1. Restricting attention to region 34-80, and to residues there that are of a type in the set (Val, Ile, Thr) and within 24 Å of the chain's Cα centre (by Cα), which single residue is surrounded by the fewest Cβ atoms within 10 Å (Cβ to Cβ)?
2. Only one of VAL128, VAL115 is at pLDDT 85 or above, of a type outside the set (Ser, Thr, Tyr) and under 15 Å from ALA180 (Cα atoms); which?
3. Can you say whether VAL128 is in contact (Cβ under 8 Å) with a residue 24 or more places away in the chain and not in a helix (DSSP H, G or I), as far as the supplied structure shows?
4. I need the full set of residues from region 76-87 which are within 20 Å of GLU106 (Cβ to Cβ) and part of a helix (DSSP H, G or I), in order please.
5. Looking for whichever is within 30 Å of PRO156 (Cβ to Cβ), in contact (Cβ under 8 Å) with a residue 12 or more places away in the chain and small (Gly, Ala, Ser) here; the options are ALA142, ALA95. Which one fits?
Amino acid sequence: MAINRRELLTMGTRGGAVVLASSVVWGRMALARHQLANRLVDEAASPRSDFTSSDLERLPALARQEIEDWFQSPCRNCAPFVDRICSESFAQKLASCSGEQEREQEIRNAFVAEVVQEHRILDKIEEVAERIGNELDLSWAACCKGIEKTWAIQLPKMTASEYRLDLLNSAMPHLEEKLAAVVSQADVASQRPVLSLVAMDTIKLEATVLVFARTSPQMAILLSVAVALFGACSYVLGLLSLRPANYRKAISSRVAQLAIDIGRQVEAETRQQILVLHQWQDRALEKVAKDYAKEQINLFS
């Protein structure tokens, strides 16, 4: 059956009205969902703020204090390390090293042997991260319970396994930097005249002096005395110029400062990672609010 122009226009008008009405309904529904989700997020803002503020004020400082308290004991008892690297035998060992890298490794080995082993530092940082992570989990669970009461709904289980604290990898570069500073200062302190080497150089000069003994015995004697005095003076002046007592104090202070430096770094990294975790938590709550609004407001509600 043919449709005339008037019927076609009537059908088009009716179809447009239906589309317009549907758009209005969908628009109002979307607006209502948006308003409900925003209201829920606003209602959660107060309890969320309390928990996030508590996390940031308490947990980074707790991580720093625990690292400092643990680290201070070995660092304060660093006298054996200082004695070792300032000793004549250690200076002789460094003098026999083939290069700077080998010398630094010798000092690092001394630090590990006399102060604290690196794996113990890393184990402690991981232990602190696990403890702070557990505290964050408890805080998040308590926060969710408070929001459930505010919203009068049961929240789904929300976990952020990908946002677990990783203090070890973040603190490692700083730890390496501070240990390198200790090693560098210890290396400078150990760059001192080695008695055996000074003696060997003196003997070589004395052997050269003997060449003059046949032609001029008196001159050889004078030169021999001068060489001996020169060797002794070089050794003593070298020690005095290095002021080993001052180096002992400087190295001891540097090692003792390690506890504070590492503690501060762990605190800063803990704070940064908690902020990232809080951002994830906020996004998770916003998603729950949107999903709930979508369920509550539909075409049949």
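1. So in region 34-80, the residues of a type in the set (Val, Ile, Thr) come out as 41, 52, 67.
Then drop every residue that is not within 24 Å of the chain's Cα centre (by Cα), which leaves 52, 67.
Values: THR52: 18, ILE67: 26.
That would be THR52.
2. Values: VAL128 fails: under 15 Å from ALA180 (Cα atoms).
After applying the criteria, what remains is VAL115.
3. Numbers: in contact (Cβ under 8 Å) with a residue 24 or more places away in the chain: yes; not in a helix (DSSP H, G or I): no.
No; evaluated as a whole, the condition is false for this residue.
4. The first filter runs over region 76-87 and keeps only residues within 20 Å of GLU106 (Cβ to Cβ), leaving 78-87.
Hits for region 76-87 are ALA79, PRO80, PHE81, VAL82, ASP83, ARG84, ILE85.
5. Working: ALA95 fails: within 30 Å of PRO156 (Cβ to Cβ).
After applying the criteria, what remains is ALA142.
The values are calculated or read from the model by the stated rules, or taken from the named source; none is laboratory data. Predicted model, so just to flag it, every value in this text is computed and none were measured. Here the Cβ is made from the backbone with ideal geometry for all residues, glycine too, and neighbour counts use every protein chain on show.
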